[in-house]
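Asks: Have a look at this one.
The values are calculated or read from the model by the stated rules, or taken from the named source; none is laboratory data. In this text, all values refer to a predicted model and were calculated from it rather than measured experimentally. When we count neighbours, we look across all protein chains shown, and the Cβ atoms used for this are built from the backbone with ideal geometry, even at glycine. SASA here: full protein model, heavy atoms, side chains in, ligands and nucleic acids out. Shrake-Rupley method; radii C 1.70, N 1.55, O 1.52, S 1.80 Å.
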2 protein chains.
Amino acid sequence: MNLDLVNTFAAVNYPSSLIEEAVNELSKFPGVGKKSALRMVLFLLKQTPSDARKLGEAVINMREKINYCKRCYNVSDYDLCNICANPKRNLQTICVVEDLRDVIAIENTNQHNGMYHVLGGVISPMNGIGPDELKIDELVMRVKAEEISEVIMALSPTPEGDTTIYYLSKKMAGLDVKISTISRGIAIGGELEYADEITLGRSIVTRIPYQM
Amino acid sequence: MNLDLVNTFAAVNYPSSLIEEAVNELSKFPGVGKKSALRMVLFLLKQTPSDARKLGEAVINMREKINYCKRCYNVSDYDLCNICANPKRNLQTICVVEDLRDVIAIENTNQHNGMYHVLGGVISPMNGIGPDELKIDELVMRVKAEEISEVIMALSPTPEGDTTIYYLSKKMAGLDVKISTISRGIAIGGELEYADEITLGRSIVTRIPYQM
C-alpha cells in the first residue's frame with residue numbers, strides 16, 4: 001500500500017489568494033471548518049456578484065449599525081426594543097436570559113408576558129468572562145428602580161449558568177423581589193430511558209404535586 | 001399537557017431588522033439553516049465591527065475580483081493559474097474535474113503531475129445544467145489544439161458524473177486521445193462489510209491482477 005495516498009493531513013494550497021482569504025474568514029464561524037468554508041465559497045462563486053455583495057453587506061451593516069435596547073440590552077432597531085415598548089406587557093416581571101436566542105425561544109412559547117434582561121453571556125472564568133463583562137449591575141439597578149416583583153432566571157442548567165444564578169441572587173439578596181428559576185426535569189415528550197441520570201435523579205427529588 | 005408549549009414551528013420574529021437580514025442572507029449557504037445562521041450572527045456580534053467588516057469584505061472581494069485561468073478555468077489570481085504556468089508539469093495529460101475542490105483534493109494526493117480542466121459542474125437536467133453551461137467545448141478545443149495524449153475523467157461516480165463522462169467521450173470520439181476514468185472500488189482502509197452492494201459488486205467485476 002502506497003502511504004503517499006493516505007495524505008489527508010496535507011496543508012491546503014488554495015489556487016487564489018482571494019479564495020484563501022474568504023475561506024479563512026468564513027472558517028472563523030463556530031462549527032465551520034475549512035472544508036465547509038470552501039463549500040460556502042463555491043456556493044458564492046455560483047451566485048451573482050451582487051448577491052454576494054448583498055450577503056457581505058448584510059454582515060457588515062448588522063455589526064456596525066446594531067443597536068441595543070437601553071433598558072433590557074436585547075438587540076433592537078430603536079432605543080427601546082419592541083418588548084420594552086409594548087404597553088401590554090407586564091412591567092413587574094423580568095426574565096433574565098443569556099442572549100438573543102433565548103429571547104426568541106421564550107417568545108415563541110407565548111408563556112412569558114413580562115420583560116427581559118439580556119446578560120450577554122454567563123459567568124465563565126474558563127473563557128475569561130467575569131461579572132463585569134455582563135449586564136449584571138444594570139439588572140440590579142433595574143430591580144431597584146422599576147418596582148420589579150419577580151426575576152425569573154432562564155439560564156441554561158450548566159455549571160456556568162448555575163454559578164451566574166447564584167451570583168445574581170447574592171447581588172439581589174437584600175431586595176424585595178421574588179427570584180425563581182425555570183423548572184428543570186424530563187423534557188415533555190422525552191422518554192425516561194434516554195434521560196441522563198442527573199436530570200432523572202433531580203426530577204425525583206424536586207417532584208411536584210400531580211394536577212388533574 | 002399544554003399544547004401551546006409544543007410550539008416548535010412558530011415563525012420567528014427577530015427583534016431587529018438588521019439581524020433578520022443577516023440571518024436571511026447567511027441561511028442561503030448550503031447546509032446552513034435559520035438556527036445556524038442566528039448562531040453565526042451571535043458570533044459576529046461578539047466580534048469587533050472591524051473583524052465583521054473584514055469577513056464581509058472578503059466575501060464581496062472574492063466574488064467581484066475572482067479570476068479564472070484562461071486555459072483550465074480553475075480560479076486563479078492571474079491569467080494562467082499556478083498549475084498551468086508551472087513548466088515542470090506534464091502538458092500532455094488533462095485531468096477533468098467538476099470544480100475547485102477536486103483540484104485541491106487531487107493536488108493533495110501528489111499523484112497527478114499533469115494539467116487540469118475545470119468543467120464548473122456536471123450535466124444535470126434536474127438542476128437545469130446542460131452541456132452549454134459547462135466548459136465542455138473549451139475542453140474539446142484544448143484536446144485538439146494542445147497535442148493532448150490522455151484525458152483522465154475525475155468526476156464523481158454518480159449518475160450525473162457518469163452522464164457527463166459519456167457525453168465528453170462522445171464529443172472526443174474522433175480524436176487521437178486516450179480517455180480514462182479514475183478507478184472505482186472499495187476505499188483503501190475501508191471495511192468490506194460497510195461497502196455498498198453496487199460498489200462491492202462492481203469491484204469484483206472490474207477486479208485487477210494482484211501485484212506483489
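Asks: Which is in contact (Cβ under 8 Å) with a residue 12 or more places away in the chain and either open to solvent by less than 60 Å² (accessible area, probe 1.4 Å) or assigned to a loop (DSSP other than H, G, I, E, B) (or both), of A:GLY185, A:GLY189, A:GLY174?
Replies: Going through A:GLY185, A:GLY189, A:GLY174 in turn, just one is in contact (Cβ under 8 Å) with a residue 12 or more places away in the chain and either open to solvent by less than 60 Å² (accessible area, probe 1.4 Å) or assigned to a loop (DSSP other than H, G, I, E, B) (or both): A:GLY185.
Asks: Restricted to region B:80-108, and to residues that are more than 11 Å from every other protein chain (Cβ to nearest Cβ) and among the basic types (Lys, Arg), which residue is nearest to B:TYR166 (Cα to Cα)?
Replies: B:ARG89
Asks: What number goes with the only condition from (1) surrounded by 14 or more Cβ atoms within 10 Å (Cβ to Cβ); (2) at the interface with chain B (Cβ under 9 Å from one of its Cβ atoms); (3) closer than 24 Å to A:ILE182 by Cα that A:GLN111 does not pass?
Replies: (1)
Asks: Let me ask something else about it. What is the number of the single condition among (1) part of a loop (DSSP other than H, G, I, E, B); (2) aliphatic (A, V, I, L, M); (3) modelled with pLDDT of 95 or more that B:MET1 does not meet?
Replies: B:MET1 satisfies every listed condition except (3).
Asks: Take the conditions more than 7 Å from chain A (Cβ to nearest Cβ) and either without any contact (Cβ under 8 Å) to a residue 24 or more places away in the chain or of a type in the set (S, T, N, Q) (or both) and apply them to B:LYS70. Does it pass?
Replies: yes
Asks: Something else now. Considering every residue within region B:131-151, establish whether at least one is touching an Asp or Glu at 6+ places or on another chain (Cβ under 6 Å), over 22 Å from B:LYS178 (Cβ atoms) and in the same structural domain as B:SER183 (by TED's automatic domain parsing).
Replies: Checked against the condition, which is being touching an Asp or Glu at 6+ places or on another chain (Cβ under 6 Å), over 22 Å from B:LYS178 (Cβ atoms) and in the same structural domain as B:SER183 (by TED's automatic domain parsing), region B:131-151 yields no hits at all.
Asks: Only residues that are under 19 Å from the mean Cα position of the chain (by Cα) and of a type in the set (A, V, I, L, M): list them for region A:73-96, please.
Replies: Listed by number, the residues that qualify are A:VAL75, A:ILE83, A:ILE94, A:VAL96.
Asks: Restricting attention to region A:44-89, and to residues there that are assigned to a helix (DSSP H, G or I) and charged (D, E, K, R), which single residue is least open to solvent (accessible area, probe 1.4 Å)?
Replies: Result: A:ARG63.
Asks: Right, something else. If you check B:SER50, B:SER27, which single one turns out to be over 18 Å from A:ARG39 (Cα atoms) and of a type in the set (Gly, Ala, Ser)? Break it down into steps so the answer makes sense when it comes.
Replies: Numbers: B:SER27 fails: over 18 Å from A:ARG39 (Cα atoms).
Of the residues listed, the single one that is over 18 Å from A:ARG39 (Cα atoms) and of a type in the set (Gly, Ala, Ser) is B:SER50.
Asks: Examine region A:92-102 for a residue that is under 17 Å from A:CYS69 (Cα atoms), open to solvent by 40 Å² or more (accessible area, probe 1.4 Å) and basic (Lys, Arg), and state whether such a residue exists.
Replies: Yes, the conditions are met somewhere in region A:92-102.
Asks: Return the residues of region A:9-25 that are at the interface with another protein chain (Cβ under 7 Å from one of its Cβ atoms) and in a helix (DSSP H, G or I); say none if nothing qualifies.
Replies: Scanning region A:9-25 gives A:SER17, A:LEU18, A:ILE19, A:GLU21, A:ALA22, A:GLU25.
Asks: Name the residue, out of B:VAL41, B:VAL32, that is open to solvent by less than 70 Å² (accessible area, probe 1.4 Å), part of a loop (DSSP other than H, G, I, E, B) and not assigned by TED's automatic domain parsing to the domain that holds B:MET141. Write out each step before concluding.
Replies: Values: B:VAL41 fails: part of a loop (DSSP other than H, G, I, E, B).
Just a single option satisfies the conditions, and that option is B:VAL32.
Asks: Also, I was wondering about something else. Report, by residue number, each residue of region B:138-168 that is open to solvent by 20 Å² or more (accessible area, probe 1.4 Å) and closer than 16 Å to B:THR93 by Cβ.
Replies: B:LYS144, B:ALA145, B:GLU146, B:GLU147, B:SER149, B:GLU150, B:ILE152
Asks: Further, regarding this structure: With touching a strand residue (DSSP E or B) at 6+ places or on another chain (Cβ under 7 Å), under 27 Å from A:CYS84 (Cα atoms) and in the same structural domain as A:ASP99 (by TED's automatic domain parsing) as the only criterion, which of A:SER180, A:SER156 stands out?
Replies: Going through A:SER180, A:SER156 in turn, the sole match is A:SER180.
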